[in-house]
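Colleague: What follows is a structure written as C-alpha cells; I'll ask about it next.
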Amino acid sequence: MAETAREDEQLLVARSQRGDVEAFNQLVLRYQQAVYTVALRMLGDRDIAADVTQETFLAAFRAMPSFRGGSSFRAWLLRIASNQSCDHWRRTHRHPVDSLDSLTDEDEPYSADAMSSLIDTGQDVNPEEALLTQELQQVIQLGLEKLPLDQRVAVILCDIQGLSYEEIAVTTQTTLGTVRSRIARGRVRLRAYLLQHRELLPGNFRLLSDRE
Amino acid sequence: MTQQEHLTTGQLSAFLDKQLSPQEQAFFDAHLQSCQHCQFELAELRRTVVLLHAMPQPQLPRSFTLPTTVQPAQIRAALPQTAPARQRHVLRSTMRAVSSIAVVIGLIFILSGLLANVHLGVGGGATSTSSSPVFNSSNGNTTGSSQVPQANVNTPGAIETPLIHNPQTSTPTASKLSPTPKATPTARATVKNGGAVEPPVLPPALDLGQPAGRLSLGALLLLLSIIGLVLTRRRYRRFH
C-alpha cells in the first residue's frame, strides 16, 4: 500500500475509534470485498457470507477502541472475519469433516454425462490463463469446505486473498511455522480432493494427474 | 533416488510462496534438480495453487457500510455488548488494575498472617507487618499504659497503646477495648508512634492487627480480586 494510503488509513482508523461512522464506512468500502470473499470461500453460501460480512463490520466498529494501530488493520479485520466464519461453521456443522477416505457417492454430485460434457469443451487451458468453468469452481469451493477450519483459513488467506505468511500469522495469532504447515496440508488435501474429480480439471492439468 | 530425504510438503509449499530460509533454499535447489519424485510433487502443488488463484473474485451482493445515523445504542442493540465500547474499555481497565492491586494486597495479608503464626509460637503478639504497627511482645510491660487502664487488658491484637499517644486520627474508643480470645496474655508496650495505627476494635477475624484477621481479610481480598479479574478478562474472540 502506498505511504499516503497507509496514512489515510491510520487517520480513518483513529476517527473510527472515536465513533466516527463515516470514517469507518470508508474502511468498510475499502475492505468489504476482502471480507466478503473470505466469508464466502469459508462458508460456501452467499447469503450466509453476506450476514457474516455485516456481523464482521459491526463487531469491528464496536471493537475499534481495542485495535492498537501499530499492526495491520487488514489483518485485524480479517481475524474478525475468519473468526466469525469459523463460529458460524461450527454452529451449523456439528459433525467432523469427512476424511478423504470416506468420500461417498453423495459427495460427488456430478454424473458421468456431466463430466464428459466438460471434457468435450476442448479447452486447452494454459496454467497461467486458467479460466475455470462454473462446475470446476464449485468443486474447488466444495474442496475448500472439506478442509479442517484452520487449514481452510490459512489456504484462503494465502491463495485467495494473497496475504503473506507474516500477515496470516498475525491474523490467526500463530507462528510462521504453523502457518506454513497449515497451508501445505490444506493444499495437499485440496489437491487430493480435486483428483477425485480429475475429469473436471482443465486439459493439460489432467495429463499430469494421469501419471499417478 | 539418492539417500537424501525427500523434500517435505511444507518445504515444497513454502517454496511456492518464496518462504524458504536461505539454508532450506540451498538444500531445496540441490535436491530438486535430481529428484523426479519431488519435481512431480512440486508440480502437483503448483497446479493446486494456480487453480486457487484462478478462482474469480465473488461479486458483492450489496454495500456493507453502516448507516451513518447509527447510534452506539443501535449497535449495542444489534450486538451482545451493552456499554459504549470506549467507556467499557476504560472501566474494564480500571477494574483490572484495582483487582490486580487487590490480589497483591490480599497476598501480603495472607503471608503476614501466616508468618505471624510461624513467629508467634507461644509468646508475643502479632509480628510487625507493613500494615500494622510494631509490637513489642513483652509481657507485663505496662509502661506508659498506665494512663489508660485498658492497656493492661490482655488484648494482643488491639492496638490500644497508640491511643494514649493518639498520633493518628483514629478511633479514640479506648473504652471499647475488650479482651480477645487470643491466649497470649500480653499487654501492649508503649510503642513508638511510628507505624501506630488505630483501627477500631474488631473481632479477630477482621482485625488487621491479628494474624488471623489479616489471613482472613487477605483471603477475602484475594477471592474478590480473582473474581474481578475473571469477570473483566478479555472476552474478545478466542481463536482456534
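Taken together, the values in this text are just the output of simple stated rules run on the coordinates, not laboratory data. No experiment lies behind these values; they were computed from the predicted model shown. Cβ: placed from backbone, ideal geometry, glycine included. Neighbour counts: every protein chain shown.
Colleague: Taking the Cβ of B:Thr68 as the centre, find all other residues whose Cβ is under 14 Å away and add up their charges (Lys, Arg: +1; Asp, Glu: -1).
Modeller: -1
Colleague: Count, for each residue of B:7-19, the Cβ atoms from other chains sitting within 10 Å of its Cβ, then give me the mean as a whole number.
Modeller: 5
Colleague: Give me the extension gain from B:Asp29 to B:Leu91: residue separation times 0.36 nm, minus the current Cα-Cα distance, reported in nm with one decimal.
Modeller: 16.7 nm
Colleague: Let me know the mean shielding of A:18-25 by other chains, meaning the per-residue number of their Cβ atoms within 10 Å of its Cβ.
Modeller: Partner Cβ neighbours, averaged per residue: 4.
Colleague: How crowded by other chains is A:3-14, given as the mean number of beta carbons from other chains within 10 Å of each beta carbon?
Modeller: Mean shielding count: 0.
Colleague: Could you rank the peptides A:172-180, A:71-79, B:92-100 by their average count of other C-beta atoms within 10 Å per residue, with the highest value first?
Modeller: Sorting A:172-180, A:71-79, B:92-100 by mean packing, highest first, produces A:71-79, A:172-180, B:92-100.
Colleague: Rounded to whole Å and sorted largest first, list the principal axis extents of the Cα atoms in the range A:3-92.
Modeller: Projected onto the principal axes, the Cα atoms of the range A:3-92 cover 39, 22, 22 Å.
Colleague: Can you pull the Kirkwood radius for the range B:9-48, inverse mean 1/r over Cα pairs, to one decimal in Å?
Modeller: Result for the range B:9-48, one decimal place: 10.1 Å.
Colleague: Give me the one-decimal nm value for the distance between modelled label points at B:Gln59 and A:Gln10, 7 Å along each residue's Cα-to-Cβ direction.
Modeller: 3.9
Colleague: What size of dipole, in debye to the nearest 20, comes out for the range B:9-48 about its Cα centre when the only charges are +1 on Lys and Arg C-beta atoms and -1 on Asp and Glu C-beta atoms?
Modeller: With only Lys, Arg, Asp and Glu charged at Cβ, the dipole is about 100 debye.
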